[in-house]
1. Where a Cα-Cα gap under 14 Å defines reach, which aspartates and glutamates qualify for A:K156, not counting those fewer than 8 residues away within the same chain?
2. Using only the Cα atoms of chain A, what semi-axes does the equivalent ellipsoid have when each is the square root of 5 times a gyration tensor eigenvalue? Give whole Å, largest first.
3. Just to verify a number: FRET efficiency for A:N319 and A:T289, C-beta to C-beta distance, R0 = 30 Å, to 0.05?
4. For a test of the definition: using alpha carbon positions, the gyration tensor, and the 1.5 limit on a/c, classify the range A:378-424 as rounded, prolate or oblate.
5. Multiply the residue separation of A:E373 and A:D99 by 0.36 nm, subtract the distance between their alpha-carbon atoms, and state the gained length in nm to one decimal.
6. Expected output is a single nm value to one decimal: the length gained when fully extending between A:Q172 and A:R401, i.e. 0.36 nm times separation in residues minus the C-alpha distance. What is it?
7. So how tilted is helix A:70-79 from the main axis of chain A? Cα-based, degrees 0 to 90, rounded to 10.
8. Are there chymotrypsin sites (Phe, Trp or Tyr not before Pro) in the range A:93-135 that DSSP puts in a loop and that have at most 14 other Cβ atoms within 10 Å, and which ones?
Amino acid sequence: MRLYDTLTRGLVELPAPPGSIRIYVCGSTVYQRVHVGNSRPFVLGMWLRSWLKETGYDVTLVHNITDVDDKVYAEAARQGIPSRELSERATGWFFEDTDDLGLGRPDVEPRATETIPEIIEFIQELVERDAAYAANGDVYFRVARFPEYGRLSGAKLEEMVAQEESPIKEDQRDFALWKGQKSHEDAAWESPWGLGRPGWHIECSAMAEKHLGETFEIHGGGNDLRFPHHENELAQSRSLGHEFAKIWMHNGMLELDEAKMSKSLGNVVTLREVLDDWGRETLLVFHLTAFWSKPIDFDDAVMSQAAARAESFREVFRNPHEPAPAGAWERFAAALEDDFSTPAALAVMHEWHDHDLLRRALGIFGLESLAAEEEAPPEVVTLAERRQSARANRNFDEADRLRAEIEAAGWEARDDANGFRLVRRQLTSR
RNA sequence: GGCGCCGUGGCCGAGAGGUUAGGCAGAGGCCUGCAAAGCCUCGUACAGCGGUUCGAGUCCGCUCGGCGCCUCCA
């Protein structure tokens, strides 16, 4: 299998199975309900693990939760509650919402606040190696000491500008590894530099290495994390002589249409809302239609189409099974092996009338539920039976009235040689 | 301004020098009391302008347009 790697800007071949593949995915900062866009790296990680297992690898997927950050302090202060209370509640939401995706859980879901000792140790080593320095209760990474800095994002070290003006920093490009406690911050940890908390990027280096080791195969996350987040992670870990991630997979952004994707708060669609409005299957099919590294628009039209696709898969299971021609699975696999092209794999799946093969393919994406036919409730069955007798008596007005009633209940009556069949009418628009 | 990604038919998306991608939507037909499903038929698209070539969505150049990052962000 080959995957596009941001660092080398090309396709990188994975060692052939069997073997182990370790994946680290940058998760979200928890201070409010996550939005649909946040589901992309999560879903991609889960699917990748699923496919790699299918093809014979031993996979470990780590997906972190950032529960200490400026945003957490700020939002907690706004609500007038302790920051730990907010981050714990928001972590709960995150679990709830991602659970409802129905993809299971990553193997490890570490939280920054549970990794403080490792983070401190990491920073100490950087200081010992002169890659970092303490100043005024803070600790900063010496960007100039890491010649490869900028390689991941394509930025030139000389052209980099100050991230945030600070008289304490030796070089304005340096970034914080540890930040001394500020008066408005209600959560802090003991460290060799006094009370404080981890900087923005060190947590990921520490968590990834704690759970996967100094070297691992894949590092995922949103494209917006390339710089500075991932650039800094790479710098921290490589400065300790660790190889760190071999492949960097950056997923494209979801573009929220509607109100012109303004940054105003009202414009964000939460994962919860999408799950409630469209259901998990439609959301997952939507993710399937898009190529993981490319941006994709999120709007009702696109979701309606995803819903229609989901419905067309359900239809396959209502129709007779027809064995797929030889090589069908191989074509499906080839699509995924080629940079995990789910749109291409989807196209192959749509050609199948083979129940077994389709169920197996859908299963990889957590969509086996599309193969299960829902049982109609007794009252709907009664309506259908009454309609049948009306039809038998050629009382078609009554039959049509009953059809409408059945539809109002969310079902569709289909007549066939043996009588009728009830099919759940799925939402295909909002 | 810098770095990077991208522009394919109504929509989502394949294709990577020379034959139909596929799906969804739409139109017509068969079937049906009416439907649904199914089956059949129908789209000649590749941002624009030049260039290379016997031949270009597919290679080169330019232009236009969109997006991400450069500040917290999946």
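Please treat every number below as a calculation from the coordinates, not as lab data. The structure displayed is predicted, hence computed values, not measured ones. Reconstructed Cβ throughout: ideal geometry from the backbone, glycine too, with neighbour counts over all protein chains shown.
1. Excluding near neighbours in sequence, the set is A:E148, A:E231.
2. 49, 25, 17
3. 0.85
4. Since a/c reaches 1.5 but b/c is at least a/b, the shape of the range A:378-424 is classed as oblate.
5. 96.4 nm
6. 75.0 nm
7. 70 degrees
8. none
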